[in-house]
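Asks: Handing you this structure, nothing more for now.
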Amino acid sequence: MASPERVVHPVIGPGHTFASVTDKISSIVLTTKTPIGWFLGFGVAFSLLMVFLATVSYLLLKGVGIWGVNIPVGWGFAIICFVWWIGIGHAGTLISAILLLLRQQWRTSINRFAEAMTLFAVACAGMFPILHMGRPWVGAYWLFPYPNTMGLWPNFRSPLIWDVFAVSTYATVSLLFWYVGLIPDLATLRDRATNRLVKIVYGFFAVGWRGSARHWSNYEMAYLILAGLSTPLVLSVHTVVSFDFAVGVVPGWHATIFPPYFVAGAIYAGFAMVLTLAIPLRKAYGLEDFITMRHLENMAKVMLATSLIVAYGYGVEAFMAWYSGNTYERFMMWNRMMGPYGWSYWLLIFCNVGVINTLWSKRLRTNTVYLFVVSLVVGVGMWLERFVIVVTSLHRDFLPSSWGNYRGTLYDWSMFIGTIGLFLTLFFLFIRFLPTISIFEMRTLVPAAQPEEEKA
């Protein structure tokens with residue numbers, strides 16, 4: 001007896017037409033009455049951004065002495081938050097590029113704001129290495145190779161220089177990928193806008209798009225090329241970031257597992273952030289027909305899969321520290337688990353390994369409130385992972401006379417929280433002035449959502 005066919009649920013709610021999809025998504029942008037909830041959220045985000053600007057101003061005036069960094073913990077929140085933000089940006093490129101090449105239709109409803117999330121996260125990440133210099137106007141330009149009269153060039157053997165090229169390339173390609181995908185929708189907004197100034201602005205950025213066969217042919221070719229360029233960047237960028245640690249000789253850092261371990265952790269944190277943004281967004285704007293439970297469940301499954309890779313990385317770290325027979329490695333791992341910062345290690349294990357495994361349950365995996373809480377917990381856990389890697393590997397040096405503890409000051413915390421304000425401010429502006437979901441890609445899904453009798 002033949003087994004029953006597997007039912008594949010559509011990635012868009014039933015009953016939608018081409019016109020209803022366009023009306024629903026474009027109305028969020030072209031409405032003349034901005035929701036009061038948007039103003040409240042934007043107000044909170046902008047207030048946090050002002051905290052960030054005040055902290056940066058004081059930092060540039062006083063120097064990095066206002067932070068809690070010391071000897072031996074010369075790296076603190078600046079590097080922790082840099083790695084955390086870069087990781088968050090990975091999910092956008094994965095959803096947009098890799099799932100596009102794999103022809104996964106469920107990416108369609110979430111790829112636009114995931115790409116925007118990537119750009120905003122990279123912008124936040126880029127702040128920290130620059131501000132970590134304390135006086136960036138004195139030395140920031142030395143990171144870039146350019147002819148100069150003194151014959152001084154960057155040290156190309158340093159992974160910190162590799163970071164500059166990897167992150168800048170990632171940001172450039174991601175921006176181009178995001179903008180190219182926006183062009184057809186910008187033309188739609190141009191054609192539907194009633195205000196002349198709005199029509200001019202959207203028309204300028206739509207670069208003369210008319211939807212001709214030639215335009216679509218060039219568009220699809222450019223979009224696929226950029227997807228092909230973005231795909232290796234998903235793997236390369238956080239691999240290069242992991243080299244900041246892996247090429248060092250500090251116990252707890254020089255491990256060959258770091259590149260795949262960091263990439264998996266980045267995708268894990270990135271999908272958690274996508275869920276953190278998608279669940280309130282679909283509720284606030286009534287987008288349940290477009291961002292369906294299938295999208296949320298698939299993202300939960302990706303988080304669950306990458307959490308297993310991350311958990312494996314934690315296990316390998318502990319095993320290799322013991323198996324190596326190296327006194328310093330063994331002490332580092334024991335100190336990481338049972339030392340002054342042991343609370344942070346076990347809390348990250350709880351957040352990144354314990355809580356996420358509850359998503360094996362389909363009932364919990366399809367509960368939006370629970371999924372939102374888990375995504376927040378994972379975000380906290382992935383920040384703690386970077387804290388543990390940086391601080392617990394440095395605060396106990398080879399010489400006991402050099403030991404010292406580290407804690408972030410008010411300015412460390414205000415800068416970190418301030419970048420969250422920067423991220424949210426940019427995101428609120430994005431959902432107000434640009435289509436959050438790709439209009440033309442959602443229209444391609446409409447035939448699949450029609451009832452069988454209507455198709456007939």
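The values are calculated or read from the model by the stated rules, or taken from the named source; none is laboratory data. What you see is a predicted model; the values in this text were computed from it and never measured. With ideal geometry, Cβ positions are generated from the backbone for all residues, glycine too; neighbour counts draw on all protein chains shown. All accessible areas refer to the heavy atoms of the entire protein, side chains included, with ligands and DNA or RNA removed. Shrake-Rupley method; radii C 1.70, N 1.55, O 1.52, S 1.80 Å.
Asks: Straight-line reach only, C-alpha to C-alpha below 26 angstrom: list the lysines that Lys33 could link to, leaving out same-chain residues fewer than 8 apart.
Replies: Reachable lysines: Lys24, Lys199, Lys283.
Asks: Keeping all protein chains in position, work out how much accessible area Asp23 exposes to a 1.4 Å probe, and write it in Å² to the nearest 10.
Replies: My reading of the accessible area for Asp23 is about 70 Å².
Asks: A further question on this structure: For a protection proxy built on the mean count of beta-carbon atoms within 10 angstrom, sort 382-395, 215-228, 273-286 highest first, please.
Replies: Values: 382-395: 23.1, 215-228: 14.2, 273-286: 19.8.
The most tightly packed comes first, giving 382-395, 273-286, 215-228.
Asks: Segment 10-106: D in µm²/s via Stokes-Einstein (Kirkwood Rh, Cα pairs, 20 °C, 1.002 mPa s)?
Replies: Taking Rh from Cα pairs, D becomes 115 µm²/s.
Asks: Straight-line reach from Lys301: which lysines have Cα under 18 Å away, leaving out those fewer than 8 places along the same chain?
Replies: Lys362
Asks: Rolling a 1.4 angstrom probe over the protein chains, ignoring ligands and nucleic acids, what is the accessible area of Met320 in square angstrom, nearest 10?
Replies: The accessible area comes out at roughly 90 Å².
Asks: So what are the radius of gyration and Dmax for the Cα set of segment 269-373, in Å?
Replies: 17.8, 58
Asks: Over the chain, what percent of the accessible surface lies on carbon and sulfur atoms, probe 1.4 Å? Provide the component values of the computation, followed by the final result.
Replies: Numbers: 14770 of 21300 Å².
Its accessible area is 69 percent carbon and sulfur atoms.
Asks: Not counting ligands, DNA or RNA, and with a 1.4 Å probe, what is Trp162's accessible surface area in Å² rounded to the nearest 10?
Replies: 90
Asks: Separate question: Starting from the residue with the highest accessible area, list Arg294, Arg112 in decreasing order, probe 1.4 Å.
Replies: Sorted descending by solvent-accessible area, the residues read Arg294, Arg112.
Asks: Could I ask something else about it? If you take the beta carbon distance between Gln104 and Ser401 as r and set R0 to 41 Å, what does 1/(1 + (r/R0)^6) give as a FRET efficiency, to the nearest 0.05?
Replies: Efficiency, rounded to the nearest 0.05: 0.15.
Asks: Here's a follow-up. With the Cα gyration tensor of the chain in hand, convert its eigenvalues to equivalent ellipsoid semi-axes via √(5λ) and list them largest first in whole Å.
Replies: 40, 27, 21
Asks: Next question. Give the residue from Phe245, Tyr314, Val369 lying farthest towards the positive end of the charge dipole for the chain; charges sit on Cβ (+1 for Lys and Arg, -1 for Asp and Glu) and the dipole is referred to the Cα centre.
Replies: Val369
Asks: Sticking with this one: To the nearest 20 Debye, how big is the dipole of segment 13-135 about its Cα centre, given +1 on the beta carbon of each Lys and Arg and -1 on that of each Asp and Glu?
Replies: 40
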